[in-house]
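Visitor: This is the structure I want to talk about, given as structure tokens.
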Amino acid sequence: MAAEALARQLETYLKRLASVRRASKATVDGRRRDLEAFARYARDAGLTALSQIDTHHVRGYVASMRRAKAGSATVKRHLSSLRGFFRHLVDHGELRANPALEVRAPKQAQPLPKTLTKEDAVRLVEAPADDSTIATRDRAILELFYSSGLRLAELHGLDLDAFESDLSEVRVTGKGSRQRIVPVGRKAREALRAWLRERPDHAASGERALFVSSRGGRLSRSSIGTRLAYWARRAGLGVRVHPHRLRHSFATHLLEESGDLRAVQELLGHASISTTQVYTHLDFAHLARVYDAAHPRARRKG
């Protein structure tokens with residue numbers, strides 16, 4: 001395969017992802033890494049033209065990844081990157097057909113999301129704190145994560161105008177630039193009001209970010225994660241707490257109480273109900289524990 005032709009097509013495709021498809025920088029960078037890895041494989045396989053790529057080569061690439069101990073999720077992601085790129089080549093007449101369409105990724109065991117118990121979630125958001133500005137800000141972050149099930153990127157990107165005037169709802173921008181409205185619970189509203197009273201003394205002039213650092217600018221994603229870990233230690237939880245664990249806890253606890261999978265899907269911003277269905281396994285585990293403890297023919301003697 002002519003290296004120049006492949007490099008040119010890669011750059012065209014990645015620019016299209018960013019400008020037309022409005023993919024995030026992280027997505028574009030990830031696609032670049034995946035596709036450059038395939039380009040190295042194709043070069044080593046002796047391909048000299050784009051038109052030579054066929055399903056056999058894609059299967060060979062997948063097999064090479066498996067031999068290198070790549071996980072199922074990694075192989076699946078690489079195949080997704082290849083399908084998108086080959087679709088671009090077909091659209092521009094470089095290939096007659098998409099050679100990755102018929103290649104299946106290995107089955108992936110889907111681990112259940114790790115969550116906090118309801119008691120531990122409360123211990124986290126109510127961890128002992130002083131009256132410092134940082135503690136006030138962090139309490140609002142913790143409460144909002146658990147109250148509304150936001151992703152890290154969604155909370156990080158919140159501006160002051162994302163909320164209704166009474167803070168009862170927040171407008172967030174999720175994956176694929178899809179927007180949704182999410183309710184904000186009473187405790188989270190109280191914590192947000194406390195933070196908003198102090199925020200003007202610490203935010204830089206003209207800064208619109210809801211959560212700011214000690215320097216006055218938008219609080220970084222890594223700092224948000226670090227603060228959650230700090231408060232988990234402060235609460236004595238003994239487990240690693242990160243933003244997605246709070247999101248999983250939000251979804252699981254809400255489903256246990258409501259049983260309404262569609263509502264949980266809407267609140268989480270999942271495009272497909274199948275993504276949300278993983279939480280039904282967690283809910284079933286909860287119901288199984290209740291059954292084992294309560295049913296007269298299930299209880300253990302003694």
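Visitor: On a 0 to 90 degree scale, rounded to 10, what angle separates helix 133-148 from the longest Cα axis of the chain?
Guide: That works out to roughly 70 degrees.
Visitor: Here's another thing I want to ask about it. For the chain, what does the accessible surface come to per residue with a 1.4 Å probe? Please give it in Å². Please list the in-between numbers first.
Guide: On the way: 17450 Å² over 302 residues.
That works out to 58 Å² per residue.
Visitor: Let me ask you something else. With the Cα gyration tensor of the range 107-193 giving a ≥ b ≥ c as the square roots of its eigenvalues, does the rule (a/c under 1.5 for rounded; else a/b larger than b/c for prolate; else oblate) give rounded, prolate or oblate?
Guide: Numbers: a/c = 2.07, a/b = 1.13, b/c = 1.83.
Judged from the Cα gyration tensor, the range 107-193 comes out oblate (a/c at least 1.5, b/c at or above a/b).
Visitor: Something else now. Pick out, from 144, 230, 28, the residue whose Cα sits farthest towards the positive end of the charge dipole of the chain, with +1 on the Cβ of Lys and Arg and -1 on the Cβ of Asp and Glu.
Guide: Checked the options; the winner is 28.
Visitor: Using the Karplus curve 6.51 cos²θ - 1.76 cosθ + 1.60 with θ = phi - 60°, what ³J(HN,Hα) values do you get for each residue of the range 210-224, in whole Hz, with x for Gly and Pro?
Guide: Result, ordered by residue: 5, 10, 10, 8, 5, 8, x, x, 4, 5, 6, 4, 5, 5, 4 Hz.
Visitor: Please compute, for the alpha-carbon atoms of the range 1-150, the extent along each of the three principal axes and give them in descending order in Å.
Guide: Principal extents (Cα only, largest first): 66, 34, 22 Å.
Visitor: Sticking with this one: Let me understand the chain better: what is its radius of gyration from the alpha carbons, and its Dmax, in angstrom?
Guide: 23.8, 75
Visitor: Averaging the inverse of every distinct alpha carbon separation and then flipping it gives the Kirkwood radius. What is it for the range 62-163, in angstrom units?
Guide: Working: mean 1/r = 0.0546 Å⁻¹.
Final number for the Kirkwood radius of the range 62-163 is 18.3 Å.
Visitor: Within 10 Å of each candidate Cβ there may be at most 12 other Cβ atoms; applying that plus a DSSP loop requirement, which GluC sites (Glu not before Pro) in the range 87-147 survive?
Guide: Numbers: sites: 94, 102, 119, 126, 143; in loops: 94, 102, 126.
The qualifying sites are 102.
Visitor: Next question, about the same structure. With labels modelled as points extended 7 Å from the Cα through the Cβ direction, what inter-label distance (nm, one decimal) is found for residue 51 paired with residue 214?
Guide: 6.4 nm
Visitor: Probe radius 1.4 Å, ligands and nucleic acids ignored: give me the carbon and sulfur share of the accessible area of the chain as a rounded percent.
Guide: 49 percent
Visitor: Quick check: the angle from helix 278-294's long axis to the longest principal axis of the chain, C-alpha only, nearest 10 degrees?
Guide: 50 degrees
Visitor: Quick query: amide H of residue 180 versus all other amide H atoms, modeled in the peptide plane; which residues come in under 5 Å with a sequence gap of 5 or more or a different chain?
Guide: Under 5 Å from the amide H of residue 180 lie the amide H atoms of 172, 174, each far enough along the sequence or on another chain.
Visitor: With every protein chain in place, what's the accessible area of residue 59 (1.4 Å probe, Å², nearest 10)?
Guide: 130 Å²
Visitor: Find, to one decimal place in angstroms, the Kirkwood hydrodynamic radius of the range 96-253, where the mean of 1/r is taken over every pair of different Cα atoms and then inverted. Could the numbers behind the result be given before it?
Guide: Numbers: mean 1/r = 0.0592 Å⁻¹.
When all Cα pairs of the range 96-253 are included, the Kirkwood radius is 16.9 Å.
Visitor: To the nearest Å, what is the center-to-center distance of the range 148-196 and the range 41-88, using C-alpha atoms only?
Guide: 40 Å
Visitor: A further question follows. Can you compute the modelled spin-label distance between residue 190 and residue 131, with each label point 7 Å from Cα toward Cβ, in nm?
Guide: 1.7 nm
Visitor: Based on the inverse mean of 1/r over its pairs of different Cα atoms, what is the Kirkwood hydrodynamic radius of the range 14-98, in Å?
Guide: Details: mean 1/r = 0.0740 Å⁻¹.
For the range 14-98, the Kirkwood estimate is 13.5 Å.
Visitor: Debye calculation, C-alpha points only, no solvent: report log10 I(q)/I(0) for the range 1-52 at q = 0.13, 0.14, 0.19 Å⁻¹, in the same order as the q values.
Guide: -0.33, -0.38, -0.64
Visitor: Still on this structure: Roughly how many nanometres apart are two label points built 7 Å out from the Cα toward the Cβ at residue 117 and residue 22?
Guide: So the label points at residue 117 and residue 22 sit 4.4 nm apart.
Visitor: Now for a separate question. For the chain, what is the mean residue ellipticity at 222 nm derived from helices alone (per DSSP H run of n ≥ 4: -39500 (n - 2.57); sum divided by total residues; nearest 500 deg cm²/dmol)? Please list the in-between numbers first.
Guide: Details: 13 runs with 171 residues, N = 302.
After summing the helix terms and dividing by the residues of the chain, the value is -18000 deg cm²/dmol.
Visitor: Relative to the first principal axis of the alpha-carbon coordinates of the chain, what is the inclination of helix 186-198, with its axis defined by its Cα atoms, in degrees from 0 to 90 and to the nearest 10?
Guide: With both axes taken from Cα atoms, the answer is about 90 degrees.
The values are calculated or read from the model by the stated rules, or taken from the named source; none is laboratory data. Since the structure is predicted, the reported quantities are computational estimates derived from the model, not experimental observations. Positions of Cβ are generated from backbone atoms using ideal geometry, with glycine treated the same way; all protein chains shown enter the neighbour counts. Ligands, DNA and RNA are excluded from the accessible area calculation, which covers all protein heavy atoms including side chains. Shrake-Rupley method; radii C 1.70, N 1.55, O 1.52, S 1.80 Å.
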